[in-house]
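See structure below.
The values are calculated or read from the model by the stated rules, or taken from the named source; none is laboratory data. On a predicted model such as this, the values are computed, not experimentally measured, just so you know. Cβ placement follows ideal geometry from the backbone for every residue including glycine, while neighbour counts extend to all protein chains displayed. The accessibility values were calculated without ligands, DNA or RNA, using every heavy atom of the protein model including side chains. Shrake-Rupley method; radii C 1.70, N 1.55, O 1.52, S 1.80 Å.
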Amino acid sequence: MTAMTEWTFSDHNLIQKDVVQILRFYGFTAQEETPARIPEGGYGRTDVVGKKGHITIGVEIVDSGDVARDAKKLVMNGYTYKYIIVLRPSKHVDKILVDGEIVKVLDPTSFEHELRRDLRIPPTHPYFRGGLQQEPEIEIENIASSILQEIRDELYDIGLEMYEKDVFDALRRVYISGELQAEKRVGYNPAARMPGEYQTVNIPPEVLAILEKLQLVNTQRVGTGYSRKLVLFPNERGREAGHAIVTKTISKYQDELGRLIQNYGSQIWIVLMGSLSTRYPGQDDFYISYPINPMRKLYDGVLYKPEPYEKNPLKIMKSIYIGRSSYIRLTSPSIALFTKFVAYTTLRDFALSLFEELERFGLAIKDYLYDSRWHPIEEVYKAPRELFEFFISRTKEPPQLAYYAQKLSAYYVIARVSEIVHAQTARRTYEELLQILELPETAVAEVLADMNRLGITSRLVTRPDAAPFIVLNKKAFEKYLTDKITEIAKYV
C-alpha cells in the first residue's frame, strides 16, 4: 500500500475549496460554511454542503481526533450522504454509525472515490482532474519556423548537415524512450580487477556527440557493476524537438493511422488505455508502455535472457497493481484494470502487431524498463503521449464497458484478498480496494454467494475484525475465477 499524504490543519481551507469544486464538477450547487444545527443546540456551520435535486451532501473537515460530534452534526441535519475528511487519519477509510445512519470517515485523497461510489457515477465518467474529456487535437508543427529548423541551421553552421537525419532519428528515440541507453559496460571483471570499457548501443558515438554539442540531451552514468551504463534523457529543448518530430511523423502517416482506427477502433482504445504508464509516481508525464517479454538475469548480470510471457489469465490479473497512485486519472481505476487485463490477454496478439506497425512508422520503439539498480526487468514497446492523444480523440470505448469492468473488479478484489493470511490486513485491503475501484460491496457479495453455493468459499463476512471470506477449496477457487475472467475478456 502506498503511504498516506500527511496533511496539516493549515490545509483545511485548501481541502474545503477542493471539495466544493469536486461537488460542482458532478453537478451539485456547493457552498462553504453553510448554516447547520449543532449538537450543543442552536446553529453553527457545516464546512461544505452540496445540493442536487433531492440529494444533499454534508462534509466536515477536521484535523484529527474524535469525530463523534461532527458525525452527530451531519446526521442531525439530514444530509443524504455524510462525510468527515480527517487531515491526519489513522486509516484510509472507515465509517461510523449514528442513530442508525452511516457517516464515512476519509482521508482527503479518498473523497472523490467515495463520492463516485455513493452516487453510482459510471466508471467511464471522467474525474475532476481527469483531463481527457476535451482531448486536444494534435497540432502539426510548422517546420519552417519550428525548433527543427533551428537544429538544421545549427548543423549547417558547424558543417554537420549530413547528420541531420541521424540526429532527428536519435532525438525521436530518446524522446519516446525518456531514458535511452547509449552505452553498456563490457569486459567488466571485479575478481580480476578489470574495470571494463563501454560499448555504444542504440546511437552512434558521433551522433551522441552532436546531441550533447547542441544541448538536446542530458547524460548520466547509472547502475553498478555489470549493469553500469550511460543513459540519455531529453532536456527541455530535446523534448520540444522530440514533440515536433513525433507530431510531424503522425501527420505523415495520418492516412495509415486513420485506416487502423476505421478497422480496429475499439481494440486500439482498449490496448492504449491499458498501456498507459508514467515515468515517476504522481506525475502527469504519461506515455505508452506495452510488455514484450520479462528479462531474466544470467551469469550474475553479464547477460539477460528474455523469458516467455505469462499466459495464465488469473496470474496476469493478480499481477496488475491498482493502488492510490498506481494509475493515471484519465479514466476510473476499474476501467484501467479492465483495459490492462484485456490488452495483456485476449488482445495480446493484436497489441503486438499494432505496436510492430507503429514501430514501422517510427511512432514506437523497443526499449527496456529497469529496476532501481538499472537492471533490465522487461522488454517493452514504448510510444509517445502524442500518439495516445491522436488515437483516443478519434476512437470510442466499447459498449457496456463499465458493466464488464465492474464484474472484473469484483473478481480482482476476491483474488487479491484471498492471498492475505492475516485477517485484519485482509479486511483493510478489501475495504481499500472497494473504495479505489468504486465497487459496491454487493458486487463482491454476489460472487461469493455463488462460490459458497458451489462449496468453494464462505459467504461474505461482514464482521469488521474478520477476513471478508474464507476459501474452502483452493483448486476450485482458482478454476472458478479463471473461467469467469476468461469469459469476461472475450467480450471484446
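Observations on the structure shown:
- Selection status of E419, of a type in the set (D, E), at pLDDT 95 or above and open to solvent by 10 Å² or more (accessible area, probe 1.4 Å): no
- Within the stretch 473-492, being surrounded by 17 or more Cβ atoms within 10 Å (Cβ to Cβ) and in a helix (DSSP H, G or I) holds for F477, E478, Y480, L481, T482, K484, I485, I488, A489.
- Pairs where the first residue, in the stretch 462-478, is more than 17 Å from A423 (Cα to Cα) and the second is among the aliphatic types (A, V, I, L, M) and part of a loop (DSSP other than H, G, I, E, B), C-beta under 8 Å, 6+ apart: N473/I456; A476/L454; A476/I456; F477/I456
- Looking only at the stretch 5-22, and only at residues there that are closer than 13 Å to R88 by Cα and of a type in the set (D, E), the one that is modelled with the highest pLDDT: D11
- Test: residue in the stretch 230-241 that is of a type in the set (G, A, S), in a helix (DSSP H, G or I) and either open to solvent by 20 Å² or more (accessible area, probe 1.4 Å) or closer than 30 Å to V342 by Cβ (or both): no
- Residue in the stretch 315-335 that is touching a helix residue (DSSP H, G or I) at 6+ places or on another chain (Cβ under 6 Å) and more than 28 Å from E487 (Cβ to Cβ) present: no
- Residues being under 21 Å from G362 (Cβ atoms) and either part of a helix (DSSP H, G or I) or out of contact with any helix residue (DSSP H, G or I) (no Cβ under 8 Å at 6 or more places or on another chain) (or both) - total across the stretch 162-191: 19
- Check on S90, polar (S, T, N, Q), over 30 Å from E386 (Cα atoms), open to solvent by 60 Å² or more (accessible area, probe 1.4 Å) and modelled with pLDDT under 80: yes
- One residue from V186, V217, V201, V207 being closer than 27 Å to L369 by Cβ, out of contact with any strand residue (DSSP E or B) (no Cβ under 6 Å at 6 or more places or on another chain) and not charged (D, E, K, R): V207
- Qualifying residues in the stretch 423-472 (those that are of a type in the set (S, T, Y) and within 27 Å of the chain's Cα centre (by Cα)) - the one most open to solvent (accessible area, probe 1.4 Å): T442
Every residue, every condition in (1) of a type in the set (V, I, T); (2) in contact with an Asp or Glu (Cβ under 9 Å, 6 or more places away or on another chain); (3) surrounded by fewer than 11 Cβ atoms within 10 Å (Cβ to Cβ), yes or no:
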| residue | (1), (2), (3) |
| --- | --- |
| V186 | yes, yes, no |
| R193 | no, no, yes |
| G196 | no, no, no |
| T200 | yes, yes, no |
| P204 | no, yes, no |
| L208 | no, yes, no |
| E212 | no, no, no |
| Q215 | no, no, no |
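- Boolean, K248 is in contact (Cβ under 8 Å) with a residue 40 or more places away in the chain and either open to solvent by less than 50 Å² (accessible area, probe 1.4 Å) or not β-branched (V, I, T) (or both): yes
- Qualifying position, being touching a helix residue (DSSP H, G or I) at 6+ places or on another chain (Cβ under 8 Å), assigned to a helix (DSSP H, G or I) and under 19 Å from L354 (Cα atoms), among E397, E386: E386
- Residue match in the stretch 292-301 (condition: at pLDDT 85 or above and either within 12 Å of the chain's Cα centre (by Cα) or farther than 13 Å from I377 by Cβ (or both)): no
Conditions tested, residue by residue: (1) in contact with a Leu (Cβ under 9 Å, 6 or more places away or on another chain); (2) surrounded by 23 or more Cβ atoms within 10 Å (Cβ to Cβ); (3) polar (S, T, N, Q); (4) assigned to a strand (DSSP E or B).
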| position | (1), (2), (3), (4) |
| --- | --- |
| T331 | yes, yes, yes, no |
| T346 | no, no, yes, no |
| F350 | no, no, no, no |
| E378 | yes, no, no, yes |
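- Scanning the stretch 205-229 for residues that are at positive phi and either touching a residue at least 40 places away in the same chain (Cβ under 8 Å) or part of a helix (DSSP H, G or I) (or both) yields G223, G225.
- When I84 is tested against (1) in a strand (DSSP E or B); (2) of a type outside the set (G, A, S); (3) at pLDDT 90 or above, only condition (3) is not met.
- In the stretch 14-58, the residue that is least open to solvent (accessible area, probe 1.4 Å) out of those that are part of a loop (DSSP other than H, G, I, E, B) and more than 23 Å from D107 (Cβ to Cβ) is I38.
- Selection status of L363, assigned to a loop (DSSP other than H, G, I, E, B), at pLDDT below 95 and touching a helix residue (DSSP H, G or I) at 6+ places or on another chain (Cβ under 6 Å): no
- Cβ-Cβ contacts under 6 Å between residues 6 or more apart (or on different chains), taken from a first residue in the stretch 158-176 that is within 13 Å of L208 (Cβ to Cβ) and modelled with pLDDT under 95 to a second residue that is open to solvent by 50 Å² or more (accessible area, probe 1.4 Å) and among the hydrophobic types (A, V, I, L, M, F, W, C), are absent.
- Residue match in the stretch 394-401 (condition: surrounded by 21 or more Cβ atoms within 10 Å (Cβ to Cβ), over 28 Å from K229 (Cα atoms) and more than 19 Å from the chain's Cα centre (by Cα)): no
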